[in-house]
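Take a look at the structure set out below.
The values are calculated or read from the model by the stated rules, or taken from the named source; none is laboratory data. Every value quoted in this text rests on a predicted model; they were computed, and no experiment measured them. Every residue, glycine as well, gets a Cβ built from its backbone with ideal geometry; the counts of neighbours run over all protein chains shown.
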Amino acid sequence: MSEIPSELKYTKSHEWVRDENDGSVTVGITDHAQALLGDLVFVELPEIGTEMSAEDAACVVESVKAASDVYMPVSGEVIAVNEELADAPETINDSPYDDGWLIKIKLSNPDELSDLMDADSYEVEAAED
Amino acid sequence: MLEAIGITDTDALFEEIPSHLRISGLDGIPQGMTEMEISRLMHQRAAQNNQAVCFLGAGAYEHHIPAAVWQLTTRGEFYTAYTPYQAEASQGTLQLTYEYQSMMTALTDMDVSNASLYDGASALAEAILMAVRGNRKSKSRKILIPRTVHPAYRKTADTIVSGQNIELVEVDYDRASGTVQLDAIEKAAGDDITAVVIQQPSFFGTLEDVDTITDWAHQNNALVISVTNPLSIAVLKPPGQWGDSGADIACGDGQPLGAPLSCGGPYYGFLCCTKALVRQMPGRIVGRTTDVDGKEGFVLTLQAREQHIRRSKATSNICTNQGLVITASTIHMAILGPRGLEHTAAACHANTRELVAQLSGIEGVSTAFSAPVFHESVLLLDRPADEVLDALAEQDILGGYDLAADYPELGHAMLVCATELRTEEEIVAYRTALQAILAVETRHQEIA
Amino acid sequence: MLIHEHSQPGRRGAPQAPVDKADLSDIPRHLLRQDRAGLPEVSELQAVRHYTRLSKKNFSIDTHFYPLGSCTMKYNPRACNTLAMLPGFLSRHPLTPDKYSQGFLVCMYELQSMLCEAMGMAAFSLAPMAGAQGEFSGIKMISAYHKANNDDARKEILVPDAAHGTNPATATMCGYTVREIPTLDNGDVDLDALRQATGPQTAGLMLTNPSTLGVFERHIESIAAIVHEAGGLLYYDGANLNAILGKIRPGDMGFDVIHTNLHKTFSTPHGGGGPGSGAVGVAERLKPFLPLPMVAENNGRYHCVAEQDAPHSIGYLSAFMGNAGVLLRAYIYMRMLGKAGMERVAEFATLNANYMMAVAKRRGFQLAIPERRASHEFIITLKKEASELHVTAMDFAKRLLDLGYHAPTTYFPLLVPECLLIEPTESEAKEALDGFMDALEQIREEAKTDPEMVTTAPHTLPVKRLDEVSAARNLDLAWKA
């Protein structure tokens, strides 16, 4: 059973979102996603300052057997990226919700947060996979 | 076997195929031949291809290939092996490919090489796609391509990239030198250029000002794609050393390194790049790793970029590489070594120098360009090149390549080449034949 | 050891290059190489020994039964190689005038014609250098056709979800968006889904038949009708031609454009990964768009079609004649087989596959689509073995290597979990097929009694299981001094 922290929000494409309560959110991929991908070998992160809309492809996470896009759960500007992942992409496998965070976004439209799934809905979604 | 399947006739195996679409046989195909019969036929046909002395280059070059190269390459274990997807059972192919990659990076002085693409022309197309993907600082998707790049490469690049919103901008060359000049490049560039393609030696055989153009490109946020003859860079400055920081993507055709002319193929396209661009590289790549016991081994790597995983988001649709041909090329490079390649390349240069000196001494023949050349040169004639080349062919001399179709502005011009294979006797025989041909008054008017 | 590790400065195959280095002083110094390229310096004997030994580390058709599904690993007749490498072909420059190239051009022309006949198409171009380039040409021609008809709304290419990865990748390269059509459990394309997905936005459908699941697409006529009625064209991926050669032709099934894999069906060498050849054939309405070069005939003389005579061609795909040597080998193969031989290909390829499938079933292996006939290949799913015995298809594959068999294709098509896609080809004798099935059964037994033997296989090869994760994380792609 994959871990699905209850305080986070989720997307259908297996991203998690943590509301930092300061107009920004932190984004990563779920435990379910990292298990499906297998050992990660490379992460491609966007440049700080990039503006994107919800559902735009923001990052690429690459394992030996797959390379998947990670999508913006909400619209906004990328204000931080997890530089550690350049040398240690496996951090995502080991700690998908903490040390394995991918990017931080400054929200351009805070209302979009309410479109995201809660932990229970995501659990159903992940089980269907 | 039929019993095991539970049928009495093999026809039952095809029962799922709509019967009204079935054909009764392949009536239009001729009857089969024994090996003896096909051998006779192919010997006859091979003999029909004229065996002339070759002074023709234009992208495919006749070189000496050590006998061991194709003897080893056609060993069943290389010839009939498949793509190394089961790495443990393919360490021969995988290690050889790693050695190939190593040799190409050394020759081009670039960081990374892939396991080859189909040919030089399609490799240029892939290099362009790569530059567009990899150049974050440019949005224009415009690529500068000088007319001194091989015409067939430009046509192929156009066929392959035109469906993807990429503009290939042509840059004309300087008529006097036969090279492309910086001011022409600057003028064609406009505001935003994604990449500049430089061929060295150029299609004309001339040597371009690679350092100046490379530095200009980098100062203007454009990537540099080099197209080089891989034999020539044994003695010419390799792309990794152009300008201050070297080319970003290096490609070309590997044919001069161990692939026979063979009617045009199979050759191979080599593709090398800087470390920064490695994840944009299409095609297969072999990496060195260890097995569970810590023993050195080789595997296909970075496959996540490729079609069988990424599917519609792949870097390219490419699946095969030119495995057999790079096998030959690797063995060829190993046997010749850097010194052998240097001597061969230098001999090509010297022979062409001699050829040009001999031929331009004839009345009615002159050299077209002032720039130094490697092993090809453009000669101007007092009458259409096709007439002259036809007359030479009648005497079993393949004199060169007629430039009239691709460069009509040059008038009567042909591209000649002499590799290390050409002897003094052959060059003198060419001179004698050409002199005789041109002594006959031309039926055509001279170009003013 | 790498060849580089045998290197000593000054060593080389001395007789292989001119003795002296000619003068290069007429080339400006800044254009010359000042260092020496870091290539290995070895004697000729060292090189020969090194590469001979490397070759022995490979599995190959010549040494092992190689039932790789979708790859058609049939015997490569040696005559094809010897005759294609006759000096008259080997030393011919591609730009030699047609007048002096009749011996080569007639072979190319006859190859085009034989392919037309065998495939039921109106014309063929030999230009594409691989299946993927053949696909590219095909989709490009479909695009050119719609453009010529001022039909700009067609932006979608349909692809079954079971398709080979090159299909969607090709569609994207040609500027299309890809729409996937689901496949039913019985292996047929979902016709209802197809009907719903087609419309004025449909440029075409890419299909393999038999499909990648190893079964014949029974409703092919309905599929063709649906797509054609919507104004789209039908593209055929010829990867599985070995199953139907001489039985049915893609042209007769309604396909507008097809690519063949000469390195599969027509036995040109796989060479450790290439070169291939993806000759592409078309129905009448796509003829104007065929890629160059093509060979034409006029009064018994042959010539390459000039650019100005093919104004609507999608263009060139290579600098010269594509993989000419490969084309010669395919030609020689087809002439040797002839009518009767070619008609036997599908017959025996299908017989061998169905026999193996029957044996597999009898021995308790689970077939992916048990109720259907196999084409030239079939799929076993090891789902049950994976969950009960904790050995995967990958483990089975690696253990097969120990037992002297190259593994079948694994994990493709993606639709079938833990699958082995097995294609024996027509070249193999019954003993090879039986031996392979015995080996599979042995591995299943081992999985019960000694699972580690299987999960840590291979044990008898030059290396054991390789660390692919490390290879991707710590890229080591070239030897550096």
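Residues in segment C:12-55 that are more than 7 Å from chain B (Cβ to nearest Cβ), farther than 27 Å from B:GLN200 by Cβ and part of a loop (DSSP other than H, G, I, E, B): how many?
Residues that pass the stated criteria total 2.
For segment B:384-395, check the following and say yes or no: at least one residue is in contact (Cβ under 8 Å) with a residue 60 or more places away in the chain and more than 12 Å from every other protein chain (Cβ to nearest Cβ).
Going through segment B:384-395, the residues in contact (Cβ under 8 Å) with a residue 60 or more places away in the chain turn out to be B:384, B:393.
From what's left, more than 12 Å from every other protein chain (Cβ to nearest Cβ): B:384.
Yes: one or more hits.
Any idea which residue in segment C:324-372 is surrounded by the fewest Cβ atoms within 10 Å (Cβ to Cβ), counting only those that are farther than 21 Å from B:GLY28 by Cβ and basic (Lys, Arg)?
Once the filter is applied, the top-ranked residue is C:ARG362.
Among what's in segment B:265-274 and is at pLDDT 95 or above and either in a loop (DSSP other than H, G, I, E, B) or within 10 Å of chain C (Cβ to nearest Cβ) (or both), pick the residue that is nearest to B:TYR61 (Cα to Cα).
Residues of segment B:265-274 that are at pLDDT 95 or above, as a first pass: B:266-274.
Now drop any that are not either in a loop (DSSP other than H, G, I, E, B) or within 10 Å of chain C (Cβ to nearest Cβ) (or both), which leaves B:266-269, B:272, B:274.
On the way: B:PRO266: 13, B:TYR267: 11, B:TYR268: 13, B:GLY269: 15, B:CYS272: 22, B:THR274: 28 Å.
Among them, the one singled out is B:TYR267.
Considering only residues that are hydrophobic (A, V, I, L, M, F, W, C) and part of a helix (DSSP H, G or I), look in segment A:31-67 and name the one that is surrounded by the fewest Cβ atoms within 10 Å (Cβ to Cβ).
A:ALA35
When the residues of segment C:276-323 are filtered to those that are touching a His at 6+ places or on another chain (Cβ under 8 Å) and facing chain B (nearest Cβ under 10 Å), which remaining residue is surrounded by the most Cβ atoms within 10 Å (Cβ to Cβ)?
Among those residues, the one meeting the criterion is C:SER277.
Quick check on this structure: which one of C:PHE65, C:PHE59 is under 36 Å from the mean Cα position of the chain (by Cα), farther than 20 Å from B:CYS348 by Cα and facing chain B (nearest Cβ under 7 Å)?
C:PHE59
Give segment B:64-80 a look and list any residue that's touching a residue at least 40 places away in the same chain (Cβ under 8 Å) and either β-branched (Val, Ile, Thr) or assigned to a loop (DSSP other than H, G, I, E, B) (or both), or say none.
Answer for segment B:64-80, where residues must be touching a residue at least 40 places away in the same chain (Cβ under 8 Å) and either β-branched (Val, Ile, Thr) or assigned to a loop (DSSP other than H, G, I, E, B) (or both): B:HIS64, B:ILE65, B:PRO66, B:VAL69, B:THR73.
Pairs needed: first member in segment A:109-129, under 23 Å from A:SER2 (Cβ atoms); second member anywhere, modelled with pLDDT under 90 and assigned to a helix (DSSP H, G or I); C-beta distance under 8 Å; at least 6 residues apart or different chains.
That search, which allows pairs on different chains as well, returns A:MET117/A:GLU125; A:ASP129/A:LEU36.
For segment C:468-481, give me the residue count where each residue is modelled with pLDDT under 95 and either within 14 Å of chain A (Cβ to nearest Cβ) or not in a loop (DSSP other than H, G, I, E, B) (or both).
First, pick out the residues of segment C:468-481 that are modelled with pLDDT under 95: C:468-475, C:480-481.
Adding the requirement that they be either within 14 Å of chain A (Cβ to nearest Cβ) or not in a loop (DSSP other than H, G, I, E, B) (or both) leaves C:468-475.
Selection size over segment C:468-481: 8.
Restricting to segment B:201-225, what's the tally of residues that are part of a strand (DSSP E or B) and touching a residue at least 40 places away in the same chain (Cβ under 8 Å)? Quick ask: steps written out before the conclusion?
Of segment B:201-225, the ones part of a strand (DSSP E or B) are B:206, B:223-225.
Among the residues that remain, those that are also touching a residue at least 40 places away in the same chain (Cβ under 8 Å) are: B:206, B:223, B:225.
Adding up the residues that qualify gives 3.
Working only within segment B:85-105, note down all residues that are facing chain C (nearest Cβ under 7 Å), in contact (Cβ under 8 Å) with a residue 60 or more places away in the chain and of a type outside the set (Val, Ile, Thr).
Once the filter is applied, which keeps residues that are facing chain C (nearest Cβ under 7 Å), in contact (Cβ under 8 Å) with a residue 60 or more places away in the chain and of a type outside the set (Val, Ile, Thr), segment B:85-105 yields B:ALA87, B:GLU88, B:GLN91, B:GLN95, B:LEU96, B:GLU99, B:GLN101, B:MET103.
For the condition touching a strand residue (DSSP E or B) at 6+ places or on another chain (Cβ under 6 Å) and either surrounded by fewer than 24 Cβ atoms within 10 Å (Cβ to Cβ) or assigned by TED's automatic domain parsing to the domain that holds C:ILE258 (or both), what is the one hit in C:PRO160, C:PRO182?
Selected residue: C:PRO160, the only one of C:PRO160, C:PRO182 that is touching a strand residue (DSSP E or B) at 6+ places or on another chain (Cβ under 6 Å) and either surrounded by fewer than 24 Cβ atoms within 10 Å (Cβ to Cβ) or assigned by TED's automatic domain parsing to the domain that holds C:ILE258 (or both).
Yes/no matrix, rows are residues, columns are (1) modelled with pLDDT of 95 or more; (2) surrounded by 24 or more Cβ atoms within 10 Å (Cβ to Cβ):
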{"residue": "C:HIS228", "(1), (2)": "yes, no"}
{"residue": "C:LEU233", "(1), (2)": "yes, yes"}
{"residue": "C:GLY246", "(1), (2)": "no, no"}
{"residue": "C:ASP256", "(1), (2)": "yes, yes"}
{"residue": "C:PHE266", "(1), (2)": "yes, yes"}
{"residue": "C:HIS270", "(1), (2)": "no, yes"}
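Taking segment B:331-374 as the region of interest, how many residues are surrounded by 24 or more Cβ atoms within 10 Å (Cβ to Cβ) and at positive phi?
1
Kindly indicate the residue of segment C:68-89 that is at the interface with chain B (Cβ under 7 Å from one of its Cβ atoms) and in contact (Cβ under 8 Å) with a residue 60 or more places away in the chain and also nearest to C:LEU421 (Cα to Cα) among those meeting that condition.
Checking each candidate, the answer is C:LEU68.
If you check B:ALA58 against the conditions, is it within 30 Å of B:ALA429 (Cβ to Cβ) and touching a residue at least 40 places away in the same chain (Cβ under 8 Å)?
Criteria met by B:ALA58.
Given the conditions (1) over 30 Å from B:ARG45 (Cβ atoms); (2) buried (at least 23 other Cβ atoms within 10 Å of the Cβ), report the number of the one that B:TRP216 does not fulfil.
Going through (1) over 30 Å from B:ARG45 (Cβ atoms); (2) buried (at least 23 other Cβ atoms within 10 Å of the Cβ) one by one, B:TRP216 breaks only (2).
Determine which member of the set C:LEU205, C:LEU245, C:LEU234 is free of Cβ contacts under 8 Å to residues at least 40 places away in the same chain and hydrophobic (A, V, I, L, M, F, W, C). Explain how you work it out, then say what you get.
Working: C:LEU205 fails: free of Cβ contacts under 8 Å to residues at least 40 places away in the same chain; C:LEU245 fails: free of Cβ contacts under 8 Å to residues at least 40 places away in the same chain.
Answer to the check: C:LEU234.
Out of C:SER375, C:SER313, which single residue is among the hydroxyl-bearing types (Ser, Thr, Tyr), in a loop (DSSP other than H, G, I, E, B) and assigned by TED's automatic domain parsing to the domain that holds C:LEU83?
After applying the criteria, what remains is C:SER313.
Please give the strands (runs of 3 or more DSSP E) falling wholly within segment B:331-448 in which 1 or more residues are not hydrophobic (A, V, I, L, M, F, W, C). Full working, then the answer.
Details: elements: B:365-367, B:376-381, B:413-417.
Counting at least 1 such residues, we get B:365-367, B:376-381.
Please determine whether any residue of segment C:327-341 is in a loop (DSSP other than H, G, I, E, B), facing chain B (nearest Cβ under 8 Å) and modelled with pLDDT of 95 or more. I'd like the intermediate steps shown before the answer.
We begin by selecting, within segment C:327-341, every residue in a loop (DSSP other than H, G, I, E, B); these are none.
No, the conditions are met nowhere in segment C:327-341.
Out of segment A:68-79, which residues are outside any loop (DSSP other than H, G, I, E, B) and either hydroxyl-bearing (Ser, Thr, Tyr) or more than 16 Å from A:GLU15 (Cβ to Cβ) (or both)?
Selection gives A:SER68, A:TYR71, A:GLU77, A:ILE79.
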